[in-house]
Structures are given as structure tokens and as C-alpha cells.
Amino acid sequence: MVERAKRKRCAIYTRKSTEDGLEQDFNSLDAQREACAAYILSQASEGWDAVHELYDDGGWSGGNMKRPALVQLLDDVTAGKVDIIVVYKVDRLTRSLADFAKIVEILDENEASFVSVTQSFNTTNSMGRLTLNVLLSFAQFEREVTGERIRDKVAASKKKGMWMGGGVPYGYKVEERQLVVNEAEAETVRHMFQRYVELKSVPQLVDELAVKDIKTRTRTWKSGRAVGGIHFKTGTLTHLLKNPIYVGKVRHKDKIYDGEHSPIISHKVFDLVQSVFAENRRDNALGKKSCNPSLLTGMITDPDGKPMTPTHAKKGSKRFRYYVTRTPPGDKSDKWRMPAGEIERLVISAISKKLNSAESDAQETAEILSQTIEKHEVIADSLPDMSISEQYQMLIDFNASVSVNESSIGIEFTPPDQDQTVAISINAKLVSKGRDLKLVIAAGEGLAKRDPDPVLLRLIAHAFAAQDQMVRGIPSPMLSEYSKRHLQQLTRLSYLAPDIISSIIDGTQPVNLTGRKILRIGSLPLCWGSQRAMFGFK
């Protein structure tokens, strides 16, 4: 007696890259399904039986696996509902070797397989897999060549000024595959361009359009979903105002060609709008529109030539400003960091001193500086007392730039009515304080007084409070959490030489004298001379 073959559930998968022709009574998907069904019927003696579920992907590319029917099919394979996948051709299943490897892995894990009706393969042995991989390599090659051919066709068509489809720009409509001006919307587009030139602000224009209840065009997708019909957003309006299609142009990547369609606005208005955008970008980069601009925004660079950006940190109610190297997101390289107050005062003081002095080793430079003094004497005298905004505007007018180096700070500026650039170099020293790298200005430059170190000031205050508590028995709330050993160490610091304490209060101590350095000293000598030698005082 002949043993009946075990039933094998076969699922037919069909795919077509485009939707062209799918509306016909008998389309490409039907032809694929009919051929696969006939093949399954021919294998009935082997127990093959077609499942009733349809797995059709009409209008889906074979370049990826995010296809609704394929996703459902692989889910059914994983759930044990399908034993064999039947396709008309291998490239109907996938055109990517990487995707094919994933599909085979899923089939192997669930003891399933697939069959191509027009191509005979046995994926259970190495030769069959090799042959299939070779065929898929050609399928992937064909797909990539087709993609290149389409991209070349689009590029060539746009070079001729043809509109190649996509979302129809606001202000136009499509007739016979060409853009035609929609007069009702075109009038709104002209109003948008004109008002932006006057307002110079996209957010303000967005609000104005919302008050007038001007909305985007409503579009209906093939799926029946309606989109649009809402008030313009900042991003949408910005894209519209920058789109060269409104002056009769066609953009392809970074190139712009003359289009076949009619323009809505003139080149003069479009160029004026783009100049406003460029001016706003420049002003934002330089912080011109900031209520409290950082003085050196857009002007300062680190030793590697990278721009530095203002930032701040808060500790309690205190706010500390810094300039930090600007790096891309995820970049973990070392950042240069320095206190903003010191570098800003240095720049203002150095420029003011240079404008008021004609001393120079080179006669040519002395003559230039002499002319500068005569023409900018008022600025030189009033510069240190100007507000931040006034100083900032002056630096912009002078085209000032500041370059930070490991041992110096370079300052360059050109007065508005002078051709010669004035260069200044100030000695400075990079000091490591905790985890930060800070460029501290040397006290001997005589250009700007440094801010007292808040850590050293607090340490001195705690030292005298500890002396009152340990020697005189006067408790201090600020020391309540300190151990007895630390209090004893602080008390010893109260016996620092008076001139050392004065220099700390004035901010004239050596640049490498930090609170951490003082606390790391095991036994502070009581001899003032030894203290001065230990901490680098002359």
C-alpha cells in the first residue's frame, strides 16, 4: 500500500514594482498567481496544497523587505502556517542578497522552503545555494542599473527644465504633466514673498497668514488619505520662500536649471528674499538678535582653528560664562574651555590700549596707529565703559577676530576707515582646573585685571571661619559638614602670608595656584618666605 505524502501548505507570493496596469481585469499579479497555482497542482502527488490567503504586493519595489504582503507571509511562516513559498521568479521575492539571506534564515529556522516556478533550485545543498546567490547577484545588479538609468533620466529631464512629478508646488497645478500657474494661489505666493521682505521674519509671517486664515492646499493620496489644509508652519513657509521654482527654475540636487513652466515672481524679488535669509543667518550666527549677546560670539577660535561658542554653568544662584570649542554631536574629542569674562575684558582693554598708543617697533605700523588714534580717539576713551551691546557692535564694525593659542591670544581688527589690519598678541597660559582647560591671562600684561578665583576666595573664607571655630570656639554653619581633620587643615591655611591672601583677593596670584594645589599640600609651612616659594610668588 502506497503511503500518502505529508501535506505541505504552499503560499503563493506575487509582486509588481509599479501600479501601472493593476487596474486591469487580468494583470501581472494574476498571471504570476495562475502560473504558481498550476505548478502547485502538478505537485499534488507530493502533498502540495495551496493556501487560500493571497500575498500580493502591487506597486512595491523588491529593494527592501518592508512590503505588507511579504511581512505578513514571513509572519505566517514563523507561526507555522506555511511550509513552502512559491514564486514565479526569484526576483519577485527579493532583489537584494542581504534581504535574501534574512529570508533564508527565517525559512531555515521554521523548516520551510521556497520554490521558483520558472527556475529550479534546491536550497538544501551548497550548490543550489551558490547558484541562487549568483542569480540574485544579477537581480541586484539589474535593480541598481535600473535605478541609475532612472536617476540619469530624471537628471537629463530636469536639465531641460521639465517637471518630473512629486508634490505640486503651492501656486501651481498640473495639466498634461506640466506645471501651470494657479492664479488664485499665485496671488498668495506673491503676497508671501513681498511681506517677508518687509517683515524679515518667517515666524511673524506665519502668524500673519494664520490670522488671515491662509492654509496649505489639501491633497488626497491614492490610499484615500487627505493631507494638508492647515495653516502654514515655519518649515513649510521657509521651503516655499527658498524654492527657485517660483522664478521659473527647476532644482536638481545642488544645480538649478531654466524650467519650462511660467514664473510667479520676478528674479529681483526672489533674490531680495534670499539676501534677507542670508542676512538673518549671519546675524543669528553673530548673535546680533540676542538680547544679551556674548561679546565674542562668532569671532573667537581655539588653537585648532575651530570656532568657540558661548555657554554657561550654574552653581546655586551663580552663573558662570565660558567659551567652549564647538564640536559636532557625538564628538568626544577634548574641548577648549575658558572663562568668558577674562577673555572679553582682555580684548576690549587690548584694543582700547592699542588705539591710544602709537608705540611700535615698525615705522609703518606706528604711522598707521597714529592715524587710528586721531580718527578713533573717542572710541578708545569710551570703549571700556560701553554697554555689552555697544562693544559688540563696535567689534563687528572693526571686523575683529580672536584666536586662542596655548601660550598666547591673538587679536586682529581693522577700523572701518582703515585698510591695514592691526594685530595684537597677548601672553597667556593654559591652566588645568579640575576637568576644565582654561586659558588664564598672565597678570603682567597690564591689559585687564583677572577675576578673583571663586574657589580660592571660598577657601580663604573657610580658613578664617575654621580658625574662629577651632581656636576661639565660634561655630560656623558653613563648616557643619566638615570633618575635624579637614577643619584643622583649613585652620592652618588661615596663617598664609598677608601678601598671598591679598593677591588671591585681587586676582593677581600665579595662574597655576589653585584651590586643589593648596589642599594637596600635606603640611603648610608657617614661614611666609617658604610659602611664597612653594606657591610661585616672586
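Candidates in segment 177-188 are the residues that are out of contact with any strand residue (DSSP E or B) (no Cβ under 7 Å at 6 or more places or on another chain) and under 12 Å from residue 261 (Cα atoms); of these, the one that is surrounded by the most Cβ atoms within 10 Å (Cβ to Cβ) is 178.
Would you call residue 25 over 22 Å from residue 140 (Cα atoms), of a type in the set (Asp, Glu) and either open to solvent by 50 Å² or more (accessible area, probe 1.4 Å) or in contact (Cβ under 8 Å) with a residue 60 or more places away in the chain (or both)? Please lay out each step first, then the result.
Numbers: over 22 Å from residue 140 (Cα atoms): yes; of a type in the set (Asp, Glu): yes; either open to solvent by 50 Å² or more (accessible area, probe 1.4 Å) or in contact (Cβ under 8 Å) with a residue 60 or more places away in the chain (or both): yes.
Yes, satisfied.
The condition of being touching a strand residue (DSSP E or B) at 6+ places or on another chain (Cβ under 9 Å), surrounded by fewer than 16 Cβ atoms within 10 Å (Cβ to Cβ) and among the acidic types (Asp, Glu) holds for only one of 279, 260, that being 260.
Look at residue 234 and say whether it is touching a residue at least 12 places away in the same chain (Cβ under 8 Å) and of a type in the set (S, T, N, Q). When the stated conditions are applied, residue 234 passes them. Taken together, the residues in segment 508-538 that are aromatic (Phe, Trp, Tyr) and either under 48 Å from the mean Cα position of the chain (by Cα) or surrounded by 16 or more Cβ atoms within 10 Å (Cβ to Cβ) (or both) amount to 2.
Scanning segment 189-221 for residues that are open to solvent by less than 50 Å² (accessible area, probe 1.4 Å) and hydrophobic (A, V, I, L, M, F, W, C) returns 189, 192, 193, 197, 199, 202, 205, 206, 209, 210, 214.
Annotation: residue 240 fulfils all but one of (1) more than 17 Å from residue 274 (Cβ to Cβ); (2) surrounded by 12 or more Cβ atoms within 10 Å (Cβ to Cβ); (3) modelled with pLDDT of 90 or more; the unmet one is (1).
The set of residues from segment 70-101 being open to solvent by 10 Å² or more (accessible area, probe 1.4 Å), under 41 Å from the mean Cα position of the chain (by Cα) and not β-branched (Val, Ile, Thr) comprises 72, 74, 75, 91, 92, 95, 96, 97, 98, 99, 100, 101.
Could you run through segment 418-446 and say how many residues are modelled with pLDDT under 70, farther than 29 Å from residue 494 by Cα and in a loop (DSSP other than H, G, I, E, B)? Steps first, answer last, please.
From segment 418-446, those modelled with pLDDT under 70 are 429-446; that's our starting set.
From what's left, farther than 29 Å from residue 494 by Cα: 445-446.
Narrowing further to those that are in a loop (DSSP other than H, G, I, E, B): 446.
The number of residues fulfilling the criteria is 1.
Quick check on residue 56: is it at pLDDT 90 or above, loosely packed, with under 13 Cβ neighbours inside 10 Å and not small (Gly, Ala, Ser)? Taking the combined requirement at face value, the residue does not satisfy it.
Filter segment 479-507 down to residues that are of a type in the set (Asp, Glu) and within 45 Å of the chain's Cα centre (by Cα) and give me whichever is nearest to residue 467 (Cα to Cα). Ranking the candidates gives 481 first. For residue 239, the conditions (1) within 28 Å of the chain's Cα centre (by Cα); (2) in contact (Cβ under 8 Å) with a residue 12 or more places away in the chain all hold with the exception of (2).
Listed residues 6, 66; which is closer than 22 Å to residue 102 by Cβ and not aromatic (Phe, Trp, Tyr)? None of the other options fit; the residue is 66.
Going by what's in this entry, would residue 309 be described as touching a Lys or Arg at 6+ places or on another chain (Cβ under 7 Å), assigned to a strand (DSSP E or B), closer than 23 Å to residue 406 by Cβ and modelled with pLDDT of 70 or more?
On the way: touching a Lys or Arg at 6+ places or on another chain (Cβ under 7 Å): yes; assigned to a strand (DSSP E or B): yes; closer than 23 Å to residue 406 by Cβ: yes; modelled with pLDDT of 70 or more: yes.
Taking the combined requirement at face value, the residue satisfies it.
The values are calculated or read from the model by the stated rules, or taken from the named source; none is laboratory data. Bear in mind the structure is a predicted one, so any value in this text is a computation, not a measurement. When we count neighbours, we look across all protein chains shown, and the Cβ atoms used for this are built from the backbone with ideal geometry, even at glycine. These accessible areas exclude ligands, DNA and RNA; they are computed on the full protein's heavy atoms, side chains included. Shrake-Rupley method; radii C 1.70, N 1.55, O 1.52, S 1.80 Å.
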